[in-house]
Amino acid sequence: MQRFTPLLLSTIFLCIALHAQQRARVEGDHSKVPPARVPSPYMSAADIQMALNKLDPKLVSSYGGGAVSVAPGMNVVVRRRMTGPQYAITHTRELEYIVVTKGSGILVTGGLLIPPTIDSDIYPNPDPNATIRSLSGVKDGAARKIGVGDVIVNPPGTPHWLKEIDGVIEYVEIRIPNVHPAPGVERAEIAPAKTK
């Protein structure tokens, strides 16, 4: 009986807590639902691997790696990169999620991009959504070993750089555009647009 009492009390408290969490019924017409939509984009793991294997090896071994679009127009790709020099990058107004699906490496986040930026990526830039890249890396960032299952969230303006790749790394990359930095975080400078 002594063992049964704590179990009974725990069960009662759990039921009370679950009941308290239920949402109250809202008055109104419950017969309506949001409009129908097309099915969610989907790409099987086999199709992703087949598409990644068709990428030009020169592209995969380039500074930015190769990518397969999972949902065209939705900023969702699976990216494959190989050992070799990599861009250090910051997205001035994009929030980026990375989920590692294969391989490992050293990712550096935070700190500052080391100048110079590449020729096409001036800073400040007239495009408030610009991506700024450097081939020189990141200074004063946090270096972490990343691998399969790891999730990285790069807030807008946060430099990130795959400093080392152990052979090959693959990851899902999701970018959310037009996101302002968190309160108290300095925004990227925007250069005035050139007049024609």
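What follows draws every value from the coordinates through simple rules; no lab data is involved. For clarity, every value in this text was computed on a predicted model and none was experimentally measured. Note that we place each Cβ from the backbone using ideal geometry, even for glycine, and neighbour counts take in every protein chain shown.
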Check: Which of the residues belonging to the range 89-105 are β-branched (Val, Ile, Thr) and farther than 26 Å from Ser120 by Cβ?
Finding: Val99, Val100, Thr101
Notebook entry, point to check: Just for the range 48-82: of the residues that are charged (D, E, K, R) and within 20 Å of Thr131 (Cβ to Cβ), which one is nearest to the chain's Cα centre (by Cα)?
Noted result: Arg79
Notebook entry, point to check: Of the residues that make up the range 153-164, is at least one surrounded by fewer than 18 Cβ atoms within 10 Å (Cβ to Cβ), within 16 Å of Gly84 (Cα to Cα) and either touching a residue at least 40 places away in the same chain (Cβ under 8 Å) or not basic (Lys, Arg) (or both)?
Noted result: yes
Item checked: Output for the range 61-78, where each listed residue is in contact (Cβ under 8 Å) with a residue 60 or more places away in the chain and in contact with a helix residue (DSSP H, G or I) (Cβ under 9 Å, 6 or more places away or on another chain) -> Ala67, Val70, Val78
Notebook entry, point to check: Of (1) part of a loop (DSSP other than H, G, I, E, B); (2) touching a Phe, Trp or Tyr at 6+ places or on another chain (Cβ under 6 Å), Val153 satisfies all except one. Which?
Noted result: (1)
Next item on the list: Taking the residues in the range 103-120 that are of a type in the set (A, V, I, L, M, F, W, C) and under 17 Å from Val172 (Cα atoms) as candidates, determine which candidate is surrounded by the most Cβ atoms within 10 Å (Cβ to Cβ).
Entry: Leu107
